[in-house]
Amino acid sequence: MSSQNPVFIPGPSNIPERLRRAIDVPTIDHRSDSFAELFRPLFAGVRKVMKSSDAEVIFFPATGTAGWEAAITNTLSPGDRVLAARHGMFSQRWIALCRRHGLDVQTIEAPWGAGCPVDAMGEALTRDVGHRIKAVLVTHNETATGVRSDVAEVRHALDAARHPALLFVDGVSSIASMDFRMNEWGVDLAVTGSQKGFMLPAGLAILGVSQKAVAAMDTATCPRCYLDLRDMLMANAKGGYPYTPPVNLLYGLGTSLEMLDEEGLENVFARHQRIAEGVRRAVAAWGLELCARSPDLYSDTVSAIVVPDGFDGTKIVTHAAEKYGTAFGVGLGEVAGKVFRIGHLGSLTDVMALAGLACAEMAMADLGLPVRLGSGVAAAQEHFSRTGPKALSQAA
Ligand SMILES: *Cc1c(COP(=O)(O)O)cnc(C)c1O
């Protein structure tokens, strides 16, 4: 029975009924015309979501982590320097992955709860007159802390320093839920996955690759085979794959893109923003604070909520799972135990969000946190009743 509750983890997100049906299809021959027909429209569809006019779009049967790996191994060589900020578990993991591939990572430390430190990145780029830095890594939405960083500002820093480094962005928990502008921000490689904003099961690493990043493939010597973009681009151009494609997920992606298009991308972003704001008002009504240090950093897909001293955030998550059959996210890395997370991305309505907030309240109250039942729900209700989806369409 508990499996019928929606999840409130920041990925994998809830899979809507329409997508569960879309992936339930019999086997087809992936070397047939019917595969090519299903496959071809996906490129333009993802380009639209990433707001890119000319990116190569790639679908590896893998997850976001493989997207990080494909980004660096296809464009860089061992010993190349990359510049990255560490301000959460996901930015940290990407840095660790780069080191394992023998890259020279210049890391800028920032507090967990802060955004990508653009000023310090800009200084590092300006100081790098010999252009040793080959790529800059940015985690658009740090899922561990609920922090959105300003990718446009990183692009400005690169331009102000007249630095030619490639700009790689982890958009795994933002793309298709929050505004992402690959062209405008001059992103050379955008990474995402199927199980967050696209509302599908895990299994597709989705990459947007600029022509500048494609050109970097020719000189990159990091070892790669399964994740080699050259094999993939060559096979894709003929409507196929260098190996067996995850056909069912690609069917699902076609329908996911349809759903995003039917709702309208800007409406999808507005819905995420509205639901996130309802959650934030609930957190304020509980007398708690977000891990994100200031409103400009607030993520519209996940909120990391700081628990009062003396309480363990992980216990809230365990208790909610055991007693109420509902999943929230635990704190990771440096903020383990200090926060718990409410994921609010993908297929989510105001009503589902209210259920999650009600459950979080019960779990906290059961454990003795000073949270009054109904307080957060009421704050979110007030927000949703004023701004709900119908209110929006009437205003439009
Ligand atoms: C989920 C996530 C990833 C990738 O995780 P996978 O489990 O490999 O799909 C990477 N970065 C961010 C910011 C994420 O939220």
Run down the lysines and flag those whose C-alpha is under 18 Å from the C-alpha of Lys315, throwing out any fewer than 8 positions away in its chain.
Lys323, Lys338
Just tell me which lysines come within less than 17 Å, Cα to Cα, of Lys238; anything on the same chain fewer than 8 places away is out.
none
Relative contact order [Cα under 8 Å, 6+ residues apart], region 242-353, whole percent:
23 percent
If one puts a single equal scatterer on every Cα of region 180-272 and applies the Debye formula without solvent, what log₁₀ I(q)/I(0) results at q = 0.12, 0.14 Å⁻¹?
-0.49, -0.66
Cα to Cα, under 21 Å, and not fewer than 8 places away if on the same chain: which lysines meet these conditions relative to Lys51?
Lys196, Lys212
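Under 8 Å for C-alpha pairs, at least 6 residues apart: give me the relative contact order for the chain, rounded to a whole percent.
Working: 815 pairs, mean separation 89.1, N = 396.
This gives 22 percent for the chain.
No value in this document is a laboratory result; all are computed from the given coordinates. As the structure is a prediction and not an experimental result, all values here were calculated from the model.
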